[in-house]
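Visitor: I'd like to ask you about the structure that follows.
The values are calculated or read from the model by the stated rules, or taken from the named source; none is laboratory data. Small disclaimer: the values here were computed from a predicted structure and weren't measured. Backbone-built Cβ (ideal geometry, glycine too); neighbour counts: all protein chains shown. Each accessible area value is taken on the protein alone, full model and side chains, heavy atoms only, with ligands, DNA and RNA left out. Shrake-Rupley method; radii C 1.70, N 1.55, O 1.52, S 1.80 Å.
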Amino acid sequence: MSTLSIRAKQILYGSLIVGLFAVMVPYGQWLQDVKDRRDLGEATLGEVNAGSFMLKLAMIGGFRGVVANALWMQAQELQRLQEWDQLKTRVDLITKLQPHFLSIWTFQGWNLAYNVSVEWDDPADKYIWIKNGINFLREGVTNNPKSPDLVWDTAWTYYHKLGFADESIILRQLFHEDVDEDFRTDPVDNRLYDDNFKVSRGWFELAVDRADDFQRLATELETPVEFVDPVENRKGRPGDLAFRTMPAHAQTRYAAALEKRSKVNVPAQFGERAKAEWDLAEREWLRFGDYEFRSPNALRIQGELVAQPIRIGDVLEPALIEQYRGDTRYWAELLSRYEDKDIREVTPDEAERLTENKMAWTDRWANQNNFRYWVERCRAEMEDDGVRSRELFYDGYLAYLNADFPKAADAYREGLDLWKSVLDNYPTYRDDDLNRKDTGQAVLRYVEALRQAGREVPEDMPFADLLEDAELDPMLDPFDALDMLGPIGEAEQEG
């Protein structure tokens, strides 16, 4: 081979290399534009060690979806076979290939927290896998910050799997002791909490905020993310009543759990601490009640089909709605603003129909969410005598479990007297089946303590009408360590 031919080949190869780099520069710029437009950061491109040149090409080319779909089918089969390690490998690849594939985040988060965790007997092992599931969902939120559904999934797992599992009194204790501060930080107020219900409240609130923000994305300046599975939000719909109640439910659950031994080694808390948490719960319910939902039906007003703003909280003061029955000017101004239509006048007949329609939906939705019950419950429980009653019931049960029956009977009687004086002011809460069952349990334990102490049941016993049903349905609370484990001795005080 001549020197000239070798030189020619060198020039040819060099030219090819220069040409390749010249092509890669605009391609790299295009790829960066795609990453920016679709929220694909370095965490989602170029970090997969797939071991396959073709798979790596698929990651940056048009075959990402094809490969992700194939892996998704494999993942579903591995889920059925309970091949957890192989399943994790497939899922990790999918999330790198298609970080905006919402279903895979929901699928694997649920899988780890609910399916894999139950394969373990030790609650500590269950806790690890539940935490893995939550952290996986949180990673999905990081990759999809505009998806209210993934935020809701995260909140729900904190709330439900840790708070309502069979071993919740242990799982909640493990959360209480967890040294991972990031895992126990509220995403809204950035405060560190030692209770899963408090943290879930923050995540639920964030989900509601994201759902509200999502409504404002379809503008020229704010284009929605191109999700791989762009279905309508499953839970994060701004007008979904149940969705918007969850911050209030989480805070209410925390306030109720505070006044029992809902964690193995943490005693109940009362006094100002309990009152403050019930006050926060009421504020969450009133915040929910203050939201303006859109009436699902439309009325024809002045030739225009219009919907109405419905505030569920108005059900607490029906006179507020009643006063607008003849206020034609109020309805004209409200509907013009709410519907963005020029409705200059409303007739008395139309004002009547608008008022009736608003009252009907307000009452219907309030009943659907048991709104009056929750607000009255918070208000009753936060009263001084309400908190004191709960403390006396707690002390009475501890005395009963320790066979100090005279002390138990005295505590229960004082608590029942105070509790009656409180509930007389809150008839909706008093007459609700849940409260009747809970109060009946206190009556039953009072009667049993009297009998063990050799005393007669007094004729003026409060809530005597609840005793018969309580005797037919003695209740153990699976979320109270006193019921599940009995007196545990001195426990560390909660900080």
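Visitor: Suppose all protein chains stay in the model; what accessible area per residue would a 1.4 Å probe give for region 341-495, in Å²?
Guide: Numbers: 8000 Å² over 155 residues.
Spelled out: the 1.4 Å probe surface of region 341-495, per residue, equals 52 Å².
Visitor: Kindly provide log₁₀ I(q)/I(0) values, in the same order as q = 0.09, 0.20 Å⁻¹, from the Debye equation applied to equal alpha-carbon scatterers of region 378-489.
Guide: Cα-only, vacuum Debye calculation for region 378-489: -0.21, -1.13.
Visitor: A further question follows. Given the peptides 443-455, 256-268, 465-477, 170-182, arrange them by the average over their residues of other C-beta atoms within 10 Å, most packed first.
Guide: Output ranking for 443-455, 256-268, 465-477, 170-182: 256-268, 443-455, 170-182, 465-477.
Visitor: Now for a different question. Hey, if you put +1 on the Cβ of every Lys and Arg and -1 on every Asp and Glu Cβ in region 367-495, which of ASN367, CYS378, ALA464 ends up farthest toward the positive end of that dipole?
Guide: ASN367
Visitor: Turning to a different aspect of this structure: On the accessible surface of region 285-383, probed at 1.4 Å, how many percent belong to carbon and sulfur atoms?
Guide: Taking all protein chains in place, region 285-383 shows 45 percent carbon and sulfur surface.
Visitor: Follow-up question, since we're still on this one. For region 118-210, what is the accessible area per residue in Å², given a 1.4 Å probe and the full set of protein chains?
Guide: Each residue of region 118-210 exposes 37 Å² on average to a 1.4 Å probe.
Visitor: Under a Cβ-only charge scheme (Lys and Arg +1, Asp and Glu -1), can you give me the dipole magnitude of region 367-432 about the Cα centre, in debye to the nearest 20? Let's see the in-between values first.
Guide: Values: 9 positive and 14 negative charges, 38 e Å.
Rounded to the nearest 20 debye, it is 180 debye.
Visitor: Select from ASN143, GLN108, VAL188 the residue farthest towards the positive end of the dipole of region 71-201; place +1 on Cβ of Lys and Arg, -1 on Cβ of Asp and Glu, and compute about the Cα centre.
Guide: The residue sitting farthest along the positive end of the dipole is ASN143.
Visitor: Give me the 1.4 Å probe accessible area per residue for region 266-325, excluding ligands and nucleic acids, in Å².
Guide: Working: 2780 Å² over 60 residues.
Normalised by residue count, the accessible surface of region 266-325 is 46 Å².
Visitor: Using +1 on the beta carbon of Lys and Arg, -1 on that of Asp and Glu, and nothing else charged, what's the dipole of region 310-429 about the Cα centre, debye to 20? Walk me through the intermediate numbers first.
Guide: Working: 17 positive and 26 negative charges, 51 e Å.
With only Lys, Arg, Asp and Glu charged at Cβ, the dipole is about 240 debye.
Visitor: A follow-up question, please. What ³J(HN,Hα) values, in whole Hz, does the Karplus curve 6.51 cos²θ - 1.76 cosθ + 1.60 give for region 146-161 when θ = phi - 60°, with x put for Gly and Pro?
Guide: Using θ = phi - 60°, the values come out as 9, 9, x, 5, 5, 5, 5, 4, 4, 4, 5, 5, 4, 6, 8, 5 Hz.
Visitor: While we're here: How far apart, in nm, are the 7 Å Cα→Cβ label points at ASP189 and ASP279?
Guide: 1.2
Visitor: Ignoring any ligand, DNA or RNA, what whole percent of the accessible area of region 139-180 comes from carbon and sulfur when the probe is 1.4 angstrom? Could you put the intermediate results ahead of the total?
Guide: Details: 730 of 1310 Å².
Reported share for carbon and sulfur atoms: 55 percent.
Visitor: Using a 1.4 Å probe, how large is the accessible area of TRP120, given in Å² and rounded to the nearest 10?
Guide: Around 100 Å² of this residue is reachable by solvent.
Visitor: Give me the dipole magnitude in Debye, nearest 20, for region 420-487 about the Cα centre, with unit charges on the beta carbon: positive for Lys and Arg, negative for Asp and Glu.
Guide: Dipole about the Cα centre, nearest 20: 260 debye.
Visitor: With just the Cα atoms defining each centre, how far is region 360-427 from region 318-344? Give it in Å.
Guide: 40
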